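Trainee: Below is a structure I'd like to ask you about.
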Amino acid sequence: EIQREEDERRKRWLENAKPPVRESVVDERGRAYGRGGRKTASARVWIQPGFGNVVVNKKEFVECFGRMSDRELILEPLAATETLGRFDVTVTVEGGGLRGQAGAIRHGLARALNHYNPDMYRPPLKRLGYLTRDPRKVERKKIGHLKARKKPQWVKR
């Protein structure tokens with residue numbers, strides 16, 4: 001009886017040790033969806049096979065983000081998975097500033113790629129940390145302080 005219980009426990013351990021089976025989540029139009037966030041910005045991202053067009057809030061990608069660093073930040077997940085020019089990306093983003101919005105789009109794009117084909121795209125995205133939401137937010141201002149941590153100048157005499 002003790003041996004049987006131990007065998008059952010080993011069997012459960014082996015079952016639990018197996019990696020989860022991940023399936024692609026694609027709608028009837030062939031699109032994958034990802035929601036991203038950074039600071040107070042949130043982005044909804046849809047990807048579908050295409051020619052690499054990126055549309056942000058119904059405007060051209062270059063129109064919305066003037067800074068080259070923001071554009072590079074957004075395209076990092078596509079570069080990591082070597083899919084530049086293979087997917088059309090449609091984005092709706094709101095809240096925050098331009099840098100926060102770019103980070104939110106990057107996060108949403110990484111999640112959408114993960115939903116499209118988790119077996120192929122998940123390992124590089126996970127390794128580079130694109131699937132993790134950046135938890136940093138602006139610290140609140142405290143009473144009696146000039147800013148979140150800055151105190152008024154103190155004079156002894």
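The values are calculated or read from the model by the stated rules, or taken from the named source; none is laboratory data. The structure displayed is predicted, hence computed values, not measured ones. Every residue, glycine among them, receives a Cβ derived from its backbone with ideal geometry; neighbour counts consider all protein chains shown. Surface areas here come from the heavy atoms of the whole protein model, side chains and all, with no ligands, DNA or RNA. Shrake-Rupley method; radii C 1.70, N 1.55, O 1.52, S 1.80 Å.
Trainee: Counting only GluC sites (Glu not before Pro) that sit in a DSSP loop (anything but H, G, I, E, B) with at most 16 other Cβ atoms within 10 Å, what is the longest stretch of the chain containing none of them?
Mentor: 83-138
Trainee: Keeping all protein chains in place, calculate the accessible area per residue for the chain (probe 1.4 angstrom), answer in Å².
Mentor: 72 Å²
Trainee: Could you tell me the distance between the Cα centroids of the stretch 23-46 and the stretch 135-155, to the nearest Å?
Mentor: 36 Å
Trainee: A further question follows. If you keep only loop residues by DSSP, which trypsin sites (Lys or Arg not before Pro) in the stretch 10-45 have at most 15 other Cβ atoms within 10 Å of their Cβ?
Mentor: Qualifying residues, ordered by number: Arg22, Arg29.
Trainee: Here's a follow-up. Which residue fluctuates the most in the chain, going by a Gaussian network model with Cα springs under 10 Å, if the choices are Ile143, Ile105, Ile74?
Mentor: Looking only at Ile143, Ile105, Ile74, the biggest GNM fluctuation is shown by Ile143.
Trainee: I'd like the Kirkwood hydrodynamic radius of the stretch 1-128, using the inverse of the mean 1/r over distinct C-alpha pairs, in Å.
Mentor: After inverting the pairwise mean of 1/r, the radius is 16.0 Å.
Trainee: Let me ask something else. Which loop-located chymotrypsin sites (Phe, Trp or Tyr not before Pro) does the stretch 1-107 contain, where loop means any DSSP state but H, G, I, E or B and the Cβ has at most 11 other Cβ atoms within 10 Å? Working shown, then result.
Mentor: Values: sites: Trp13, Tyr33, Trp46, Phe51, Phe61, Phe65, Phe87; in loops: Phe51, Phe65.
Within the stretch 1-107, the qualifying chymotrypsin sites (Phe, Trp or Tyr not before Pro) (loop, at most 11 other Cβ atoms within 10 Å) are Phe51.
Trainee: Quick check: at a probe of 1.4 Å, how many percent of the accessible area of the stretch 19-67 sits on carbon and sulfur atoms? The partial results should precede the final answer.
Mentor: Working: 1690 of 3360 Å².
C and S atoms contribute 50 percent here.
Trainee: Mind telling me which of Pro124, Pro49, Pro19 comes out most flexible in a GNM of the chain, alpha-carbon contacts under 10 Å?
Mentor: Pro19
Trainee: Could you pull out every one of the lysines with an alpha carbon less than 28 Å from that of Lys126, ignoring same-chain neighbours closer than 8 positions?
Mentor: Result set, ordered by chain and number: Lys18, Lys39, Lys137.
Trainee: Indicate, rounded to the nearest 5 percent, the antiparallel portion of the DSSP beta bridges found entirely in the chain. Present the calculation step by step, with values, prior to reporting the outcome.
Mentor: Values: 17 of 20 bridges.
Bridges in the chain are about 85 percent antiparallel.
Trainee: I need the shape label for the stretch 1-47. Rule: rounded when a/c is under 1.5, else prolate if a/b > b/c, else oblate, with a, b, c from the alpha carbon gyration tensor.
Mentor: It is oblate, given that a/c is not under 1.5 and a/b is not larger than b/c.
Trainee: Okay, moving on. Using a basic spin-label model with each label point 7 Å from the Cα along Cα→Cβ, how many nm lie between Lys11 and Glu23?
Mentor: 2.5 nm
Trainee: Another question, then. How are the alpha carbon pair distances in the stretch 55-157 distributed across 10 Å bins from zero to the largest one, expressed in percent?
Mentor: 13, 38, 24, 12, 9, 4, 1
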